[in-house]
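Data block below; observations after.
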Amino acid sequence: MKNIGVLISGGGTNLQALIDKQGSVIKSGRIVCVCSNSAGAYGLERAKKAGVPTKVIRKNADCGGDVLEFNRRICEYMKEMKVDVIVLAGFLAILGGELLSEYAGRIINIHPSLIPSFCGDGFYGLKVHEAVLSYGVKVTGATAHLVNEITDGGRILLQKAVYIKDGDTPEILQKRVMEQAEWIILPEAVEMVCAGKV
Ligand code: GAR
């Protein structure tokens, strides 16, 4: 059984999907902690409701804006909680340094597009769906992938396509991509890594 640490920044609907699928889809791991880089993240409430320990580590307020210190503090917390596999579930800060080398091949991210489209620096959250709609593509989706030093550049684990519909707004499309893709493939990818199938 692997110990899973989840990093979040916001609403935490992907975290909720992971919590809900423990024991069914996720059989080879269990969530042992949730860490947020924002004190107001609603995902922290979801974790507390599920009885999962939480911690807030903020780049500016706690680490003086120092990216390396921010990563070092997260890494320290993950080790303290004996985390084996890290999941970025709507974590909107860039990771680097010690954390990436220490957990190489054991960090999973969910991105709300079909990589290599609409990804990389600056593509996060609603911005991704805005770019998708303004380009006019007819199919989008989500990608679960391993994290390396290149933003959204690590090995792809799973992808799922979602159709764009007439009248979509970024908000409507974001919700459909979450429901039809992210909440399904993220728990599956986490199980793949925990079960050593990657
Ligand atoms: C999700 O759509 C996730 O794919 C995206 O942020 C949202 C977080 O929602 N992540 C990225 O854009 C990463 N580049 P949530 O907090 O409700 O899970």
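Just one of the listed residues (GLU130, GLU149, GLU188) is away from the ligand (no atom under 11 Å from the Cβ), at pLDDT below 95 and either over 18 Å from THR13 (Cβ atoms) or surrounded by 13 or more Cβ atoms within 10 Å (Cβ to Cβ) (or both), namely GLU149. Of everything in segment 48-61 that is touching a helix residue (DSSP H, G or I) at 6+ places or on another chain (Cβ under 7 Å) and not hydroxyl-bearing (Ser, Thr, Tyr), the residue that is farthest from GLU188 (Cα to Cα) is LYS59. Cβ-Cβ distances below 7 Å connect the following pairs, each with a first residue in segment 6-34 that is closer than 10 Å to LEU44 by Cα and at pLDDT 95 or above, a second residue that is basic (Lys, Arg) and part of a helix (DSSP H, G or I), and a separation of six or more residues or different chains: GLY12/ARG46; LEU15/ARG46.
Looking at segment 47-60 only, could you name the residues that are assigned to a helix (DSSP H, G or I), touching a strand residue (DSSP E or B) at 6+ places or on another chain (Cβ under 8 Å) and not aliphatic (A, V, I, L, M)? LYS48 - this is the single residue of segment 47-60 that is assigned to a helix (DSSP H, G or I), touching a strand residue (DSSP E or B) at 6+ places or on another chain (Cβ under 8 Å) and not aliphatic (A, V, I, L, M). Of the listed requirements (1) surrounded by 13 or more Cβ atoms within 10 Å (Cβ to Cβ); (2) modelled with pLDDT under 95, LEU114 misses just one: (2). Would you pick out the residues in segment 31-50 that are under 16 Å from the mean Cα position of the chain (by Cα) and more than 15 Å from the ligand (Cβ to nearest atom)? Matches in segment 31-50: VAL32, CYS33. Selection of segment 1-24 for residues being out of contact with any Gly (no Cβ under 8 Å at 6 or more places or on another chain), within 16 Å of the ligand (Cβ to nearest atom) and in a loop (DSSP other than H, G, I, E, B) yields only LYS21. When GLU80 is tested against the conditions (1) modelled with pLDDT of 95 or more; (2) surrounded by 16 or more Cβ atoms within 10 Å (Cβ to Cβ); (3) more than 13 Å from the ligand (Cβ to nearest atom), the lone failure is (2).
When ILE26 is tested against (1) in contact with a Lys or Arg (Cβ under 8 Å, 6 or more places away or on another chain); (2) closer than 20 Å to HIS111 by Cβ, only condition (1) is not met.
The values are calculated or read from the model by the stated rules, or taken from the named source; none is laboratory data. The structure displayed is predicted, hence computed values, not measured ones. Neighbour counts are summed over all protein chains in view; Cβ atoms, including those assigned to glycine, are modelled from backbone coordinates with ideal geometry.
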